[in-house]
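For reference, the structure is listed below as structure tokens.
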Amino acid sequence: MGLVASLSEVWMAAPALAVQEGEDPASTPVEGAEPAARRRALEALYAAHARAIHRFLCDLLGDTAAAADATQETFVRAMRRLHTLETPERPAPWLFGIARHVSLEHRRARRRRRQVLDDGPLDAWEERPAACAARAPGAPRTPEDELMGREALTVLAGALDQLGEDRRAALLLRLDHGLSYEEIARLMEWSLPKVKVEIHRARQELRAELVRYDGGGR
């Protein structure tokens, strides 16, 4: 059974659920669908989108272990919230929206832990070249190329981190994952003009950081 058919099977069986005031919709189970149908839908979702969701979370969190945990949590919540999926034929923007909220929770939790432990900077971008860059295609073939590749990834990661959480997420969704401006607007709960402005400014800021690196900042 294909992805759309699996999702539609559960989506059509799940009634609109009334969420009590103050209750997290992500904690509300999907009712009305058979366990086997839910399992098929989850397997289809995971097979089709897990790598992209993990890459997105790795870019936001800068840590593969945290991204793996956040990816798992994203799909757990997705399974519970299938009744909110309005377009079974294109679930990616909906999944990215869940993943973004999960990443924000992870970052807040990490911030609280760092405040308690007072141990190092908030973000683990310094670990990123070894951790998150492994997914990049076309690995360098020589030690010199590998060193330059790692240096460039470190600079790029630092430049992305300067954008701020929301602006970075919007830029990644557009450039890395190919979402439309309209899809990003719904996902981020922004107006369409704001999406275009934020992505334009993100491009400018990122370009400025990379120019400083390439033009004498090294």
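Every read-out reported here was derived from the displayed coordinates using simple, explicitly stated rules and does not represent laboratory data. Bear in mind that the values here come from a model prediction, so they are computed numbers and not experimental data. In this analysis, Cβ positions are derived from the backbone assuming ideal geometry, glycine residues included, and neighbour counts consider all displayed protein chains.
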Using the Karplus curve 6.51 cos²θ - 1.76 cosθ + 1.60 with θ = phi - 60°, work out ³J(HN,Hα) for each residue of region 76-87 in order, rounded to whole Hz, and write x for Gly and Pro. 4, 5, 4, 5, 6, 10, 4, 5, 8, 7, 8, 10
Multiplying the sequence separation of LEU175 and ARG51 by 0.36 nm and subtracting their Cα-Cα distance, what value in nm do you get? 43.0 nm
May I ask you to sort SER180, SER103, SER191 by Cβ crowding, counting other Cβ atoms within 10 Å and putting the fewest first? SER191, SER180, SER103
List TRP190, TRP94 from most exposed to least, where exposure is judged by having the fewest other Cβ atoms within 10 Å. TRP190, TRP94
May I ask you to derive the FRET efficiency for ARG207 and ARG90 from their Cβ-Cβ distance with R0 = 41 Å, giving the value to the nearest 0.05? 0.85
Note down the nm distance, to one decimal, between modelled labels 7 Å out along Cα→Cβ at ALA109 and at GLU182. 3.6 nm
